[in-house]
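Student: Next up is a structure, given as structure tokens.
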Amino acid sequence: MKLMQKRLALALLTVLALLAAACGSDTATDETAADDATTTTEAAAEETTTTEAMEEEDDAMEEEDDSSMEEEDDAMAETTSLTIWADENRVESIQAIAPAFTEATGVEVVVDLVPFGDIREQVVTAGPAGEGPDIFAGAHDWTGELAANGVIAPIDVSSISDSFLQVSLNGFNFEGDNYAVPNAVESVAMYQNLDLVSETPSTWDEMIAACEAAAVENCVVVPGGGDGGDAYHNYPFVSAFGGYIFEFDESTGFDASVVGLDNAETVQGVQFLADQTTAGIIPSTNYDGAKNLWLEGNAAFWVTGPWELGGVREQTTVANWSVVPVPAFGDTPAQPFVGAQGFFLSAFSENALIAQSFLQDFIATDETMTAFHAADPRPSAWKAVEAEGDDVAAFVEAAATGIPMPNIPQMGSVWGPLGDNVLLVRNGEIEPEAAMTAAAEAIRAAVAG
Amino acid sequence: MTETTRDHSTTRFARYTGRAFWLRTAIVGVIDAFLVLGAVQFAQNRSWAVLAMLLLAGLLINWAYLSPRAQASRWLTPGLVLMMFFVVYPVLYTTYVSFTNFQTGNLLSREQAIERLEEAEIKTGESGELLDMLVYRDGDDQLALLVHGGDAEPFMGVVRDADAEAAPSPVPGFDPSAFDPEAPPESVDGFELLSGLAVTGQASRLEDVILDLSPSSSAEVETLSSARLVIGGLRFIYDADNDTLFDQQTGRTCDAGEGTFFCDGVPEDEVQRVARLSADTTIVCTAGMCDGVPLFALDQTLAGWREVVGPDNYVDLLTNERIRGPFGRVLLWNVIFGFGSVLLTFALGLGLALTLKNEDMKYRSVYRSIYIIPYAVPGFLSILVWRGLLNNEFGQINRMFDGIGLPTVDWLGSGNTAMISVFLVNTWLGFPYMFLICSGALTSIPEELIEAARVDGAGPWKVFRMVTLPLLLVSTAPLLIGSFAFNFNNFLLIFLLTNGGPPLSGYDVPVGSTDILISFTFDIAAGAGRGSQFGLASAIIVLIFVVLATTSAMSFGLTKKLEEIYDQ
């Protein structure tokens, strides 16, 4: 038994040595470690001395801190800090303003780069566990789900609301409260290959005529065919003749209990899409197929959003191109979905006040908003920022005629059925009316639970 | 103690003070250090289950490597510890989640959810107006706020704690008529104006205080320089003794139920039809008034909590038509896919192995190397390349078909061809493995047995069927079972090649022709449906586990029978 004891003591010693080394900066842990050491075994005495020495060092540092902030309250003694999660497009602009905020308020700002696709999922799990950020970047269609999960808190922007495009604030409004500081808006438009078709069409028929005159093989490429359903890019067709997903009312917002996908207007729009596919105007392409066809100069028009601008500017072999809004199908302009990007405030933030002032006084400024726009070509939601280039201006125009994409949590049950059924229509597997009835039934069932 | 045992322990002692002993002790020490660090973190996060497992693992490791008596278990311990963390714990946790309502809207713990509800404010017309705010502090460290702007008269008062009784206490020395927003008073009745950094220093205190403007209105600090006007106050009062929630806005009392509070007597037009109703919840409406209305059906921002709900998810899975229909279909295809893949890869692999067994064949090693190539290329690369080759309009295969005048096939675009494509690609990916194990197993079959069969007059087919194949199956059957289990959950292939598609129309959950259970589950859990339903997804995972465990057990029984044949 003695042997076992000796060994245990040795193992404990090693543990303590490592703990002391690992937590050199964390005073609290050091203290417990030191306490343990004195009670465990005499042989640990050496160890304890080292730990104590380190503690003294820490204390000395704390005293220094205290003296430098004499005038501050005790509350500041424990360091307050803000954690911000931003995606690759926005992280640098945030990092640039962090030092100024620290200087002005004394609050440390930690900016983490989290891929855009991961943020939504991670805040939902990290927030309740107390490990999430105070502020995070996101898209407006997350609002409903995140608010329903209680992971985001309302932000009051009423004092500066005039500086934002109204459509961006609408996007982040859920059940009457605003949940984010918007920084950009987005909607689909068409990239036009001017080498193939030179004149800008104002209606869909003009566009077809121009394609035929120029004998273009692929007139307009739209994601959502082939093997990848995509409700978002095909929405202009759904709404072409007045169709909609959920009924919208100015005062109460979207009503999830009224699904409009199987009404006559929507079916007419999807029938129109089917006809275009059959006639060969719209080839059967998924997202990457559409992109490659246009980038390589094999398609005249490409329906997609401003997030592709950077890539197009750098990669395309097309010499002359421009961006135009999706042309009108009948008498009314096409209505793509308008989305918004912005910054949410976590409901689990322990420094909600400081986070609010960061959002209002440092993010909602001309400089920061200009920096966002410079880093990411999406049109700015901040009115004072001017669109950089004609192509961005065309996206601003497209966004102006679009309709806000619903941000209610039930939207989660729309993308699958709608995208899938539109895909089946485009592939000629199913009739438009049957497809839209199936989509609407699936959404109704999901909404009702 | 007898002489022999003492000798024994002395030699042991000598062995345990040697260099190896010190090294081992040091390594165990390092491991312990990490375990203690981890334990502290898990204890802080209140993850008691993981903590318990960590401590158990720690005890096991220390006992196995420090106690002389546990020498035999040293080889087993690393495996046991890894199995605990990566097999046992996930299985137990998934099973636990499958009995909860963990899903969109029920992510918070009960305490967190009630805390949220207690913070909710009554929404009225004037409420919510934003006022400019200045912060003052006196010698006794009392805080006072001065709010101005909006239609209201400037007001300065001492704050109270959020949970204290409402009682306006204006600062008497403040004169609203003399207030100038451009030049606010530096000092009033001993209260000094704070600015910049000093206000930030008070941030954590400011979050918990309220400034009462009058008995019925107050201001809550919104940012460091503004406060929000609140008329009417907070919406809910939680009664912990009765576990009920009083709604001040409507005067209703709601009872705690499964995952949220449920209110009675709600006008029908206030109720929103939203998802997340569990299997046994129903809203009953009579004459325009509804009973049993969960809070989230009144306002979706009123989040519920997660809790154990019993077998609801399993009941849902088996009785709810909208889930059961596609579930049955997916399960059937999953079984076909699993068996089919094993059969095809094994047949092709065995065929090639038999062919290459022929010693008269030239360049055997060259062929062997070539057949390994599909196995050596990372699977996800091959799958993406195949996806490109099979593309309907731009894929090489269809271009070739077109070139030689054959009709093109929409490989991934319609149900049956997509299934064929999945088998095609999976056979390509899987046959080298079967080829390898069959080649090995064939060499171990005694040549004289085959000789004897030939002498008895059996043809090549009969020899293969009666001698080679049964003997081969004895050694390869466990691997075939493993291959089945792997293919049954071959998420990578399905996700990358077809992503479950082409979609099936007419079902209420997103499902495709080539969806297997695991990809179907992924869609349910990761939000392609209605938010994230971790509970339901976990229930499906548990069913997958049951299917696999049963199949494996049955197959091992079968193997035993084969071994008996071999023994005879």
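The values are calculated or read from the model by the stated rules, or taken from the named source; none is laboratory data. Predicted, not measured: the structure shown is a model, and the values here were computed from it. Backbone-built Cβ (ideal geometry, glycine too); neighbour counts: all protein chains shown.
Student: Is it the case, given these coordinates, that residue A:115 is more than 28 Å from residue B:220 (Cβ to Cβ), more than 9 Å from chain B (Cβ to nearest Cβ) and not polar (S, T, N, Q)?
Tutor: Criteria met by residue A:115.
Student: For residues that are within 11 Å of chain B (Cβ to nearest Cβ), among the β-branched types (Val, Ile, Thr) and either without any contact (Cβ under 8 Å) to a residue 24 or more places away in the chain or in contact with a Phe, Trp or Tyr (Cβ under 8 Å, 6 or more places away or on another chain) (or both), tally how many sit in the range A:348-405.
Tutor: The qualifying residues number 0.
Student: Sticking with this structure for a sec: Look through the range A:118-159, keep the residues that are acidic (Asp, Glu) and either more than 12 Å from every other protein chain (Cβ to nearest Cβ) or within 18 Å of the chain's Cα centre (by Cα) (or both), and return whichever of them is surrounded by the most Cβ atoms within 10 Å (Cβ to Cβ).
Tutor: Ranking the candidates gives A:145 first.
Student: Say whether the condition of being within 14 Å of chain B (Cβ to nearest Cβ) and either modelled with pLDDT under 90 or closer than 23 Å to residue A:147 by Cβ (or both) is met by at least one residue in the range A:317-330.
Tutor: The answer is no, given that none of the residues of the range A:317-330 is within 14 Å of chain B (Cβ to nearest Cβ) and either modelled with pLDDT under 90 or closer than 23 Å to residue A:147 by Cβ (or both).
Student: Quick one: would you say residue B:318 is under 20 Å from residue B:538 (Cα atoms) and aliphatic (A, V, I, L, M)?
Tutor: yes
Student: Sort out which residues of the range A:257-279 are in contact (Cβ under 8 Å) with a residue 60 or more places away in the chain, within 14 Å of chain B (Cβ to nearest Cβ) and surrounded by fewer than 17 Cβ atoms within 10 Å (Cβ to Cβ), and write them in order of number.
Tutor: Of everything in the range A:257-279, just one residue is in contact (Cβ under 8 Å) with a residue 60 or more places away in the chain, within 14 Å of chain B (Cβ to nearest Cβ) and surrounded by fewer than 17 Cβ atoms within 10 Å (Cβ to Cβ), namely A:257.
Student: Every residue in the range B:91-135 that is at pLDDT 85 or above and of a type in the set (Gly, Ala, Ser), please.
Tutor: Correct list: B:98, B:109, B:113.
Student: Moving on. Are there any pairs, at least 6 apart or on different chains, whose C-beta atoms fall under 8 Å, with the first in the range A:92-104 and within 20 Å of residue B:200 (Cβ to Cβ) and the second charged (D, E, K, R) and in a helix (DSSP H, G or I), and if so, which?
Tutor: Once the first residue is within 20 Å of residue B:200 (Cβ to Cβ) and sits in the range A:92-104, its partners that are charged (D, E, K, R) and in a helix (DSSP H, G or I) give A:97/A:367.
Student: Do we have any residue at all in the range A:237-244 that's within 23 Å of the chain's Cα centre (by Cα) and at pLDDT 90 or above?
Tutor: No, the conditions are met nowhere in the range A:237-244.
Student: Residues in the range B:320-330: is at least one more than 14 Å from chain A (Cβ to nearest Cβ) and at positive phi?
Tutor: No, the conditions are met nowhere in the range B:320-330.
Student: Taking the range B:219-260, which residues are within 24 Å of residue B:283 (Cα to Cα), within 14 Å of chain A (Cβ to nearest Cβ) and part of a strand (DSSP E or B)?
Tutor: Within the range B:219-260, B:236 is the sole residue that qualifies.
Student: Sticking with this one: Of all residues in the range A:160-179, which are away from chain B (no Cβ under 14 Å) and either outside any loop (DSSP other than H, G, I, E, B) or in contact with a helix residue (DSSP H, G or I) (Cβ under 6 Å, 6 or more places away or on another chain) (or both)?
Tutor: Scanning the range A:160-179 gives A:163, A:164, A:166, A:167, A:168, A:169, A:170, A:171.
Student: Just give me the residues in the range B:309-329 being among the aliphatic types (A, V, I, L, M) and touching a Gly at 6+ places or on another chain (Cβ under 9 Å), in sequence order.
Tutor: Within the range B:309-329, just B:309 meets the criteria.
Student: Moving on to the next point. Against the conditions (1) modelled with pLDDT of 80 or more; (2) buried (at least 21 other Cβ atoms within 10 Å of the Cβ); (3) closer than 25 Å to residue B:304 by Cα, where does residue B:274 fall short? Just the number, please.
Tutor: Condition (1) is where residue B:274 drops out.
Student: Consider residue B:315 against the criteria (1) buried (at least 22 other Cβ atoms within 10 Å of the Cβ); (2) outside the structural domain of residue B:421 (by TED's automatic domain parsing): it satisfies all of them except one. Which criterion is unmet?
Tutor: (1)
Student: Listed residues B:463, B:511, B:455, B:467; which is touching a residue at least 24 places away in the same chain (Cβ under 8 Å) and out of contact with any Cys (no Cβ under 8 Å at 6 or more places or on another chain)?
Tutor: The unique qualifying residue is B:511.
Student: If I go through the range B:383-397 residue by residue, how many of them are in a loop (DSSP other than H, G, I, E, B) and either more than 12 Å from every other protein chain (Cβ to nearest Cβ) or surrounded by fewer than 21 Cβ atoms within 10 Å (Cβ to Cβ) (or both)?
Tutor: Qualifying residue count, the range B:383-397: 3.
Student: Among the residues of the range A:114-130, write down those that are in contact with a strand residue (DSSP E or B) (Cβ under 6 Å, 6 or more places away or on another chain) and outside any helix (DSSP H, G or I).
Tutor: Result: A:114, A:127, A:128.
Student: Please find, among A:322, A:284, A:349, the residue that is within 19 Å of residue A:204 (Cα to Cα) and crowded, with 21+ Cβ neighbours inside 10 Å.
Tutor: Step by step, each of A:322, A:284, A:349 is checked, and only A:284 is within 19 Å of residue A:204 (Cα to Cα) and crowded, with 21+ Cβ neighbours inside 10 Å.
Student: Taking residue B:501 as meeting all but one of (1) touching an Asp or Glu at 6+ places or on another chain (Cβ under 9 Å); (2) away from every other protein chain (no Cβ under 14 Å); (3) under 26 Å from residue B:427 (Cα atoms), write down the number of the exception.
Tutor: Exception for residue B:501: condition (2).
Student: Consider residue A:224 carefully, then state whether it is within 12 Å of chain B (Cβ to nearest Cβ), over 18 Å from the mean Cα position of the chain (by Cα) and either surrounded by 24 or more Cβ atoms within 10 Å (Cβ to Cβ) or part of a helix (DSSP H, G or I) (or both).
Tutor: yes
Student: Just to check your reading of the model, which residue among A:423, A:418 is surrounded by 23 or more Cβ atoms within 10 Å (Cβ to Cβ) and at the interface with chain B (Cβ under 9 Å from one of its Cβ atoms)?
Tutor: Just a single option satisfies the conditions, and that option is A:423.
Student: A follow-up question, please. Residue A:106 versus (1) surrounded by fewer than 24 Cβ atoms within 10 Å (Cβ to Cβ); (2) over 12 Å from the mean Cα position of the chain (by Cα); (3) more than 10 Å from chain B (Cβ to nearest Cβ): which is the lone unmet condition?
Tutor: (3) is the only condition that residue A:106 fails.
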